[in-house]
Amino acid sequence: MLFQITTAPKDSTYRSRVAAGMRLLDKRMPGWEKKINLQTLDIRSYRNCIIAQIFGDYVPEKLFGKDNIKQRISHGTTWGSNDNIDLAKLTAVWKRAIAKRLAQKIAATA
């Protein structure tokens, strides 16, 4: 019998996925971060994930075009069954990145 050993992704994996997601959103939806409620943001929730908060519903096709699970995973907006990703951690990385960006924008206008 073979056993597959899975390990948790490194912190850099979470950060790189979120960074990729932010770059795509910047390109396709400038100002998207203003639509995000950091209090309710939760990648596990189809009502409160990044995509649902921006578009009003979970419609990944609006961001990625043809529904492509690999793109959604690599951009930190969802997970794969073999991914072994901690969704609470992924959500926390999104929250920190968005809060940092919003703080930078406020500081730039002050």
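Among the conditions (1) surrounded by 11 or more Cβ atoms within 10 Å (Cβ to Cβ); (2) farther than 15 Å from W94 by Cβ; (3) at pLDDT 95 or above, E61 misses just one, which is (3).
Remark: pairs (first residue in the range 67-93, over 16 Å from R23 (Cα atoms) and at pLDDT 90 or above; second residue of a type in the set (V, I, T) and in a helix (DSSP H, G or I); Cβ separation under 8 Å; 6+ apart in sequence or on different chains) = L90/V18. When the residues of the range 33-82 are filtered to those that are among the acidic types (D, E) and not in a loop (DSSP other than H, G, I, E, B), the one that is farthest from K105 (Cα to Cα) is E61. Given the structure, is I85 farther than 11 Å from I43 by Cβ and either under 13 Å from the mean Cα position of the chain (by Cα) or not in a loop (DSSP other than H, G, I, E, B) (or both)? Judged against the criteria, I85 is not a match. No other residue among Q4, Q39, Q53 is more than 12 Å from the chain's Cα centre (by Cα) and modelled with pLDDT of 95 or more apart from Q39. Inside the range 10-46, can you point out the residues that are loosely packed, with under 12 Cβ neighbours inside 10 Å and basic (K, R)? Answer for the range 10-46, where residues must be loosely packed, with under 12 Cβ neighbours inside 10 Å and basic (K, R): K10, R23, K27, K34.
The values are calculated or read from the model by the stated rules, or taken from the named source; none is laboratory data. Small disclaimer: the values here were computed from a predicted structure and weren't measured. Methodologically, a virtual Cβ is constructed for each residue, glycine included, from the backbone with ideal geometry; neighbour enumeration extends over all protein chains shown.
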